[in-house]
Amino acid sequence: MRLRHGLILMTLFAVISDALLIPFYPQFFAERYGHASPWHVGAYVAFISITVMCVFPLWVRVARRFETLHILQVTQGIAAVLCLASYWAPGLVSYWALSMAMFAFKSSYLLNFPYLMRTESDDTRGATIGLLSVTAHLGVVLGAVAGGAVIEQWGVRECVLLMALADVVQMLICTWLIRSRRMVPVLAQDDEARTAPRRFSLAGHAPILKLAVVMLLFDFGAALARPFFSVYWSGVSPWGGEIVAGAAFAVPKIVAVCALLIHRWLTLPETHPTRRTLANLVLGGLGLLLQAVPDMATMLIGRVLLGWALYQLVINFDVQLYQLSTPDDFGRDYGVINIFQNCGVLLASFTAGSLVATLGLRAPFLVAGAAFLLAAALWLWSFPRARADVHSDADKLSTPIPSDPQESTHASVA
């Protein structure tokens with residue numbers, strides 16, 4: 001197993017761990033602590049985003065002094081211990097404190113993306129972004145379905161144990177990569193050889209900030225309906241149960257995996273020029289609006305459209321970010337983008353609770369669809385010549401994902 005394979009596997013377990021409870025937090029807090037308020041669920045998911053948003057820039061700074069895998073080896077182990085502690089948390093306050101500390105350490109796995117972008121060549125970056133994006137989608141599928149199965153069989157509390165197990169697996173993979181000498185050092189041995197990143201300025205980084213605002217709206221819309229999806233599904237579908245709800249929640253991610261397979265089977269070039277971003281934002285918005293229709297078939301069609309759009313958009317945005325940044329600055333620029341993304345998820349979490357409490361379970365889908373359409377308008381205004389100017393650049397960055405994973409040397413976290 002090469003470095004890229006190990007980090008792909010780490011990404012899969014990290015996303016599975018994060019996705020286990022995402023669609024089931026209302027049931028989790030209601031069953032375990034007797035708190036069924038939509039406001040509380042929205043606030044909890046929002047504070048996860050606040051924690052990641054505040055802590056990740058610190059991990060970026062630490063990664064300038066220590067190799068990424070050495071950091072992850074420690075932080076994922078600590079996250080597992082905190083997760084186990086939250087399993088036995090007697091009250092709601094102690095669970096909040098322990099779980100937020102867990103997410104603070106768990107968020108360090110996001111360092112994989114800038115780390116692998118530095119070890120990738122120009123010929124493999126686009127393919128790697130696509131492959132890791134699909135890995136993340138697959139992780140959500142497995143996590144949501146596994147979470148539903150565990151809840152039906154044993155209860156919501158046991159999902160926390162699975163989260164801890166996933167963190168332990170990540171720590172073990174890190175340890176193996178380091179001891180087997182598969183780790184690729186990216187830090188200069190001589191402190192004087194380390195180059196400081198360019199100072200971030202509003203004028204000098206305007207394109208990145210425009211991209212960040214578009215991604216804020218994108219993540220806001222994508223995250224808005226997640227916390228209450230399983231509750232909404234149970235009221236629309238005649239098929240009850242957490243397993244079915246988890247499978248329905250994972251439909252967009254299943255579609256994303258199928259999209260990759262279609263590209264590979266038809267040997268289509270895995271190009272993601274930014275001219276497609278506008279169309280996919282509109283398509284995603286339509287998919288979200290269709291889910292507001294209280295009909296199971298229409299809702300599933302909407303989730304399929306959303307899944308296809310999400311697959312294209314995540315890769316397009318990552319490719320665009322790397323085009324606007326440089327290898328030495330990528331960690332810092334990715335941190336800026338991550339702050340805006342978490343702000344989007346943060347706003348979605350608070351908004352979702354208030355929308356459900358005041359307007360009902362359909363409202364988050366309507367507002368999310370509007371957010372996608374607003375992001376499309378902002379994209380058209382921010383990058384008016386993108387469809388013509390960056391076509392050749394995107395073709396250079398985006399290459400077909402090889403049939404044999406060993407044809408690419410490394411991987412990245414999408």
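Note on segment 70-81: residues that are out of contact with any Asp or Glu (no Cβ under 8 Å at 6 or more places or on another chain) and crowded, with 22+ Cβ neighbours inside 10 Å total 2. Looking across segment 222-235, the residues that are part of a helix (DSSP H, G or I) and open to solvent by less than 30 Å² (accessible area, probe 1.4 Å) come down to Ala222, Ala223, Phe229, Ser230, Tyr232, Trp233. Of the residues examined, Ser234 is not one that is within 14 Å of Gln27 (Cα to Cα) and in contact with a Pro (Cβ under 7 Å, 6 or more places away or on another chain). Scanning for something under 25 Å from Ala43 (Cα atoms) and over 20 Å from the mean Cα position of the chain (by Cα), does segment 106-125 turn up at least one residue? No, segment 106-125 contains no residue that is under 25 Å from Ala43 (Cα atoms) and over 20 Å from the mean Cα position of the chain (by Cα).
Residue by residue, here is whether (1) free of Cβ contacts under 8 Å to residues at least 60 places away in the same chain; (2) buried (at least 23 other Cβ atoms within 10 Å of the Cβ) holds:
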position: Ala297; (1), (2): yes, no
position: Leu300; (1), (2): yes, no
position: Gln312; (1), (2): yes, no
position: Phe317; (1), (2): no, yes
position: Leu324; (1), (2): no, no
position: Asp329; (1), (2): no, no
position: Val336; (1), (2): no, no
position: Cys343; (1), (2): no, no
position: Leu347; (1), (2): no, no
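In segment 93-120, the qualifying residues are those that are open to solvent by 30 Å² or more (accessible area, probe 1.4 Å) and without any contact (Cβ under 8 Å) to a residue 60 or more places away in the chain, and the one that is nearest to Trp59 (Cα to Cα) is Phe105. Take the conditions assigned to a helix (DSSP H, G or I), surrounded by 20 or more Cβ atoms within 10 Å (Cβ to Cβ) and touching a residue at least 12 places away in the same chain (Cβ under 8 Å) and apply them to Ala43. Does it pass? Taking the combined requirement at face value, the residue does not satisfy it.
Can you work out which of the residues in segment 246-262 that are open to solvent by less than 30 Å² (accessible area, probe 1.4 Å) and at pLDDT 80 or above is nearest to Arg226 (Cα to Cα)? Here the answer is Phe249.
Remark: Ala377 matches the filter, which requires a residue to be out of contact with any Ser or Thr (no Cβ under 7 Å at 6 or more places or on another chain), modelled with pLDDT of 60 or more, open to solvent by 20 Å² or more (accessible area, probe 1.4 Å) and of a type in the set (Gly, Ala, Ser).
The values are calculated or read from the model by the stated rules, or taken from the named source; none is laboratory data. Nothing here was measured: the structure is a model prediction, and the numbers come from that model. Cβ: placed from backbone, ideal geometry, glycine included. Neighbour counts: every protein chain shown. Just the protein is used for accessible areas: all its heavy atoms, side chains included, with ligands, DNA and RNA removed. Shrake-Rupley method; radii C 1.70, N 1.55, O 1.52, S 1.80 Å.
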